[in-house]
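Written out below as structure tokens is the structure these notes cover.
Just so it is clear, none of the values below were taken in a lab; they were calculated from the coordinates. Note that this is a predicted model, so its numbers are computed, not measured. Cβ: placed from backbone, ideal geometry, glycine included. Neighbour counts: every protein chain shown.
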Amino acid sequence: MILITKYLIPKGFVGITLFPFILLKKKDLKDDKVLVNHEKIHLKQQAELLLIFFYIFYSLEWILKFLRHKNGYLAYKNLSFEREAYQNENNFNYIKNRKFWAFIKYF
């Protein structure tokens, strides 16, 4: 389910995924198939990690990457979850063919 809310989206981002919702900053972003596919990949990741483990792993990995890169945005871009989503956001069949815990290969 896609919801539009400009207040819950962090500065510098246009969308986030909080299972089972995709939150977008503006209504016209619903038509951005690549963005929506990116967020759907995150829905799949969150579901297979039972939500709580996704947020635990995401947070711990971000902290480790931040310590390495000394930059929050670089830490974010190098997260395994984000790397998987960014590298496959243009493949609209990816979710159908995605292997379980596929994010592991992006560590």
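Charges were assigned to the Cβ only: +1 to each Lys and Arg, -1 to each Asp and Glu. The resulting dipole of the chain about its Cα centre is roughly 140 debye.
Which of Lys11/Lys99; Lys30/Lys65; Lys30/Lys77; Lys6/Lys105; Lys6/Lys77; Lys6/Lys96 have a Cα-Cα distance over 24 Å? Result: Lys11/Lys99; Lys30/Lys65; Lys6/Lys105; Lys6/Lys96 exceed 24 Å. Taking 20 Å as the straight-line reach from the Cα of Lys25, the aspartates and glutamates in range (excluding those fewer than 8 positions away in the same chain) are Glu39, Glu82, Glu89. The gain in end-to-end length when the Leu50 to Asn97 segment is fully stretched comes to 14.9 nm, 0.36 nm per residue minus the alpha carbon separation.
Neighbouring Cβ atoms within 10 Å as the yardstick, rank Arg83, Arg68 fewest first.
Fewest-to-most ranking of Arg83, Arg68: Arg68, Arg83.
Taking a Cβ cut-off of under 14 Å around Leu8, the surrounding Lys, Arg, Asp and Glu residues balance to a net charge of +3, with basic ones at +1 and acidic ones at -1. Summing charges over neighbours of Lys25, with a neighbour being any other residue whose Cβ is under 15 Å away from its Cβ, gives +1 when K and R count +1 and D and E count -1.
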